[in-house]
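The values are calculated or read from the model by the stated rules, or taken from the named source; none is laboratory data. Computed from a predicted model, the values in this text were never measured in an experiment. Methodologically, a virtual Cβ is constructed for each residue, glycine included, from the backbone with ideal geometry; neighbour enumeration extends over all protein chains shown.
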Amino acid sequence: MVDKKYILFDLDGTIIDPKEGITKGVQFSLEVFGIHVEDRDTLTHFIGPPLRDSFKKFYGFNNRGAEFAVEKYREYFAPKGVYENVLYDGIVELFEKLEEAGKVLIIATSKPTVYAEKILEHHNIRDYFSFVGGCELDGKRGAKGEVIEYVLESMEITERGSAIMIGDREHDVIGAKETGLESIGVSYGYGSLKELRYAGATYIAKSTEELSRLLIQDKEPIEEKEEM
């Protein structure tokens, strides 16, 4: 059973559903390259990984093209898309329970810190977190393992067994492994149950209620029966 003091949360796909803002931003950016995407549902694979990597992987952009694509994306995202997201059901209640239980909550996201801060403030949940760690606007500290290491060093967490990473994509699980942390994969986000299991998540939760069982209550999580 999980008994951790420091709880590291991914943001997109774990605390918020960012689909509208991110996919509209990517759609806007691709239009500049003459790539028209009508169905924004086909762009959800951009949720989670660093944007530069996704533009390279899914559209074959080189480094320069990916940088320009991110610039165009931010022309939409910075003033508007950053606010086009919703909190997942039960997440605020989970924060309250964790706070009452004496846990230290931390954000570890591949999103630029400045945007993560705006989102948390927008939803009035910034005060739950002792630290917000993300990447820089220039792409520095973009890999999830780098973000997690930065968070651990900034918070002076030397006992890795006292912390756990929670996220919805394989990048969160892999980053946790790279930094010596256990992880909880949440299947209500944008990573499939199969992806999380293959990446080697220590635990899997399909809802915020199951996260509560894992992190606070002395109950085992309910595993989903079918592969997704």
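Mind checking whether some residue in segment 30-41 is farther than 30 Å from T158 by Cβ and buried (at least 17 other Cβ atoms within 10 Å of the Cβ)?
Looking for residues that are farther than 30 Å from T158 by Cβ and buried (at least 17 other Cβ atoms within 10 Å of the Cβ), one finds at least one in segment 30-41, hence yes.
Just to verify a result, which residue in segment 130-164, among those that are touching a strand residue (DSSP E or B) at 6+ places or on another chain (Cβ under 6 Å), assigned to a loop (DSSP other than H, G, I, E, B) and at pLDDT 95 or above, is farthest from L51 (Cα to Cα)?
This residue is I157.
Answer yes or no as to whether S110 is crowded, with 16+ Cβ neighbours inside 10 Å and assigned to a strand (DSSP E or B).
Answer is yes for this residue.
Please find, among E182, E195, E153, E149, the residue that is without any contact (Cβ under 8 Å) to a residue 12 or more places away in the chain and either under 25 Å from K19 (Cα atoms) or not hydrophobic (A, V, I, L, M, F, W, C) (or both).
One residue alone meets the criteria, E153.
Restricting to segment 49-106, and then to whatever is touching a Gly at 6+ places or on another chain (Cβ under 7 Å) and of a type in the set (D, E, K, R), can you tell me which residue is surrounded by the fewest Cβ atoms within 10 Å (Cβ to Cβ)?
Selected residue: E84.
Just to verify a result, which residue in segment 1-28, among those that are without any contact (Cβ under 8 Å) to a residue 40 or more places away in the chain and more than 17 Å from the chain's Cα centre (by Cα), is farthest from A163 (Cα to Cα)?
Once the filter is applied, the top-ranked residue is Q27.
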